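**Q** After the structure tokens below, expect a handful of questions from me.
Just so it is clear, none of the values below were taken in a lab; they were calculated from the coordinates. None of the values given here were measured: they were computed from a predicted structure. So basically every Cβ, Gly included, is an ideal-geometry build from the backbone, and we count neighbours across all protein chains shown.
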Amino acid sequence: MNSIEIFELTFTLKVVLWVEAIVYLGIGVVEIFDDFFRKLPAWTNLNGKLNAYLFMEDKMQHKFHAAICFFLGFIALNGILEGSVTRFEIELLFIGLALIMMLLWMILPPGRLALLMLLTKPETYLSVIMFLLFSDLIRAEMFFLCLGLNIWGLIVYFFNTRSNIKPYTYKRFHDDVVEAGISESRIKAMDKMAGFKDT
């Protein structure tokens, strides 16, 4: 596609855009406006009171996530409403998914939980579909940029994440999750997925 060419939506692309619009726009809208009903994570409390700095850090991370989700969902919804997309819109979707996948590669937890995390994230499937079916719609430079972002995520995982957390075992991960004050129900769910039994 050239820079001004319009691509009429195929059935497959329409399905992908609907999934992105529903998932990402839904998450984005909820997270933008959830300030008065979202339960704060336990780690924002220190010494029996809400820590102002940790509260702001959590808020920033949460709203960044909301912004990225809203952004991707908005692009997808716009394509659906228009019945077509430009090369730039497709490239934005590719870049957005590549940035999310980069982050996921960087923070893969130890053991089989890593595979389960990837399999439960819509970005995994959407990225594979986009790369396999729609790579021909974007510029080669953008394709290699997205591929490079994924590779960078893996490099950070193997040579930074794993080297900073030693030993890189699920037992260490489990103990740190408990120490961080994560809810018991969430810990039990992660332990079950990882096949871990705390002795």
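**Q** If you keep only loop residues by DSSP, which GluC sites (Glu not before Pro) in region 1-108 have at most 16 other Cβ atoms within 10 Å of their Cβ?
**A** Sparse-neighbourhood loop GluC sites (Glu not before Pro): E5.
**Q** Please arrange W105, W43 by counting, for each residue, the other beta carbons lying within 10 Å of its beta carbon, fewest first.
**A** W43, W105
**Q** Next up: Step through the residues of region 182-195 one at a time and calculate ³J(HN,Hα) from phi using the Karplus curve (6.51 cos²θ - 1.76 cosθ + 1.60, θ = phi - 60°), rounding each to whole Hz and writing x for Gly and Pro.
**A** 5, 4, 4, 5, 5, 5, 4, 5, 5, 4, 5, 5, 7, x
**Q** When the Kirkwood hydrodynamic radius is evaluated over all pairs of different C-alpha atoms of region 6-153, what value in angstrom, to one decimal, is obtained?
**A** For region 6-153, the Kirkwood estimate is 16.8 Å.
**Q** In addition: Could you tell me how far the Cα centroid of region 113-171 sits from the Cα centroid of region 85-100, in Å?
**A** For region 85-100 versus region 113-171, the Cα centre distance is 15 Å.
**Q** Starting from the Cα-Cα distance between L133 and I187, subtract it from 0.36 nm times their residue separation and give me the gain in nm to one decimal.
**A** In short, 15.7 nm is gained.
**Q** A further question on this structure: Among Y125, Y24, rank each residue by its count of other Cβ atoms within 10 Å, from fewest to most, as a rough exposure measure.
**A** The fewest-first ordering by Cβ neighbours comes to Y125, Y24.
**Q** OK, next. Between F11 and R38, how high is the FRET efficiency from 1/(1 + (r/R0)^6) when r is the Cβ-Cβ distance and R₀ = 45 Å? Nearest 0.05.
**A** Approximately 0.75, to the nearest 0.05.
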